Amino acid sequence: MIERLENEVNMLNRHRQVLTMVINREPIGIVTMSDETGYPHHKIRYSLRVLEEENLIEPSSQGAMTTGETAAFVDQLDSKLDEINSRLTEIKLNTQ
């Protein structure tokens with residue numbers, strides 16, 4: 001169970017890194033992201049697909065680009081992460 005949680009956190013961090021790269025350098029392609037992050041192409045491609053399904057990015061012939069929903073998502077992200085962190089802290093405290 002712990003390994004699965006760690007894998008999920010690592011995957012979400014990769015999605016966040018990919019989204020940050022798109023925001024800062026759009027349009028940006030898979031090869032550039034892979035070269036700069038060290039993630040294999042297939043993992044970058046998967047993150048891009050997840051972000052596209054969430055309507056946070058869209059493909060173009062030059063590479064991935066943000067959508068009209070990206071800024072609102074980013075604005076909410078920190079508070080959501082704080083909320084999740086608080087919930088995890090509660091779990092931790094309840095087990096001691």
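The values are calculated or read from the model by the stated rules, or taken from the named source; none is laboratory data. None of these values were measured; they are calculated from a predicted model. Ideal geometry is used to build each Cβ from the backbone, glycine not excepted, and the neighbour counts take in all protein chains shown. We work out accessible area using only protein heavy atoms, side chains counted, and drop any ligands, DNA or RNA first. Shrake-Rupley method; radii C 1.70, N 1.55, O 1.52, S 1.80 Å.
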Top-ranked residue in segment 68-78 [being closer than 19 Å to Asn10 by Cα and open to solvent by less than 70 Å² (accessible area, probe 1.4 Å); ranked as modelled with the lowest pLDDT]
Leu77
Would you check if Ser79 is hydroxyl-bearing (Ser, Thr, Tyr) and in contact with a helix residue (DSSP H, G or I) (Cβ under 6 Å, 6 or more places away or on another chain)?
no
Can you work out which of the residues in segment 9-67 that are outside any helix (DSSP H, G or I) and under 22 Å from Leu81 (Cα atoms) is most open to solvent (accessible area, probe 1.4 Å)?
Glu54
